[in-house]
1. Kindly evaluate Ala49 against the criterion of being surrounded by 15 or more Cβ atoms within 10 Å (Cβ to Cβ), touching a strand residue (DSSP E or B) at 6+ places or on another chain (Cβ under 9 Å) and in a helix (DSSP H, G or I).
2. Taking interchain pairs and intrachain pairs at least six residues apart, which have beta carbon atoms under 7 angstrom, with the first residue in the stretch 9-25 and closer than 14 Å to Glu36 by Cα and the second of a type in the set (S, T, N, Q)?
3. Kindly indicate which of Val75, Val28, Val10, Val22 is loosely packed, with under 11 Cβ neighbours inside 10 Å and β-branched (Val, Ile, Thr).
4. Collect the residues in the stretch 55-66 that are loosely packed, with under 10 Cβ neighbours inside 10 Å and either of a type in the set (A, V, I, L, M) or in a loop (DSSP other than H, G, I, E, B) (or both), keeping them in residue-number order.
Amino acid sequence: MEEHLAYAVVVEPDDGAYSIIVPALPEVHTFGTTAEEALRMAGEAIALALDYRRDNGLEIPPSDAGRTQLVTITVPAA
């Protein structure tokens, strides 16, 4: 059976496109002209980052999807 890892991603609108970061893999930052394209690119970037880490004996972070929370913090504007 094939093992799967799942990572939380942050998708942000970025001047008519979408930017994605992966908190568990700080080296992964990608974008796309649509949210769907950005997510597809993120999947490819995550796979490449994990391949690089495996090839170089670096740590593979455990799946974090489902454990990650989105929390909004409000602070005074002035």
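Every number in this text was worked out from the coordinates using simple rules, so none of it is lab data. These numbers were taken from a predicted model, which means no experiment stands behind them. Neighbour counts are summed over all protein chains in view; Cβ atoms, including those assigned to glycine, are modelled from backbone coordinates with ideal geometry.
1. no
2. If the second residue must be of a type in the set (S, T, N, Q), the pairs left are Glu12/Ser19; Ala17/Thr33; Tyr18/Thr34; Ile20/Thr30.
3. Residue meeting the stated conditions: Val75.
4. Asn56, Gly57, Glu59, Gly66
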